[in-house]
1. Identify all residues within region 36-80 that are surrounded by 14 or more Cβ atoms within 10 Å (Cβ to Cβ) and of a type in the set (Lys, Arg); write none if there are none.
2. Tell me which residues, restricted to region 58-80, are more than 15 Å from LEU26 (Cα to Cα) and of a type in the set (Asp, Glu).
3. Looking at this structure, is LEU34 assigned to a helix (DSSP H, G or I) and among the hydrophobic types (A, V, I, L, M, F, W, C)?
4. Given (1) modelled with pLDDT of 90 or more; (2) exposed (fewer than 14 other Cβ atoms within 10 Å of the Cβ); (3) within 14 Å of the chain's Cα centre (by Cα), where does THR22 come up short, assuming only one miss?
Amino acid sequence: MSLYVQDTDEKLNELTDLARCTRLLLDNVNHKFLHKQVRIDRKAGLIVERDGGTRLGLEALSSGEQHELVLHYDLALHHR
């Protein structure tokens, strides 16, 4: 039983770290983007919305915003 608990604890620690990195990504990107909000949806994945709630495709972001998103993603999730 203790092996099961230890294994479960290790898996949950990984998820906690992933959640922290994901929150860091969203906080950083949303601080930079004006009049847009980036969030993660369980079914749809990464979503960008205008302040009024209109959903945008990722391709609708400017090239600078796309670059910022990729840069923050790489820093937050690949270098953890």
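The values are calculated or read from the model by the stated rules, or taken from the named source; none is laboratory data. Keep in mind the model is a prediction, meaning the values are calculated, not measured. Every residue, glycine among them, receives a Cβ derived from its backbone with ideal geometry; neighbour counts consider all protein chains shown.
1. Answer for region 36-80, where residues must be surrounded by 14 or more Cβ atoms within 10 Å (Cβ to Cβ) and of a type in the set (Lys, Arg): just LYS36.
2. GLU59
3. So LEU34 does not fit the description; no.
4. Of everything listed in (1) modelled with pLDDT of 90 or more; (2) exposed (fewer than 14 other Cβ atoms within 10 Å of the Cβ); (3) within 14 Å of the chain's Cα centre (by Cα), THR22 misses just condition (2).
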